[in-house]
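Worksheet for the structure shown next.
The values are calculated or read from the model by the stated rules, or taken from the named source; none is laboratory data. Not measured: the values here are computed from a predicted model. As a convention, Cβ positions derive from the backbone with ideal geometry for all residues, glycine included, and neighbour counts pool all protein chains shown.
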Amino acid sequence: MERDNQLKLYGLVAEQLKEAHATVRALQVPDGVRKALSRKLLVITAAAKHDLPDAARRLERLLKDLDEGRFPEGD
């Protein structure tokens, strides 16, 4: 049963990451901001391989920040 929950969470995180990447590509922001957001998404993707629940939380925070218009500083 726990494995089923893990697979469901993995599928959810994968779908959200896909949507987040599309959202970042569509944003009208300077290249530095886009690069910073892309790096955050890559870090979350890597984290998902080792700690899926933590990656899900990090992704949720990032998506909330994007929805609220809070972006990282660019290079």
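Could you list all residues from the range 17-41 that are of a type in the set (A, V, I, L, M, F, W, C), surrounded by 12 or more Cβ atoms within 10 Å (Cβ to Cβ) and part of a helix (DSSP H, G or I)? Scanning the range 17-41 gives Leu17, Ala20, Val24, Val33, Ala36, Leu37, Leu41. Within the range 64-75, the set of residues being under 14 Å from Ala36 (Cα atoms) and either touching a Lys or Arg at 6+ places or on another chain (Cβ under 7 Å) or not acidic (Asp, Glu) (or both) comprises Leu66, Arg70, Phe71, Pro72, Gly74, Asp75. Against the list (1) outside any helix (DSSP H, G or I); (2) under 30 Å from Arg3 (Cβ atoms), the condition Ile44 fails is (1). When Leu59, Leu52 are checked against the criterion of being aliphatic (A, V, I, L, M), surrounded by 12 or more Cβ atoms within 10 Å (Cβ to Cβ), in contact with a helix residue (DSSP H, G or I) (Cβ under 9 Å, 6 or more places away or on another chain) and modelled with pLDDT of 95 or more, Leu59 stands alone in meeting it.
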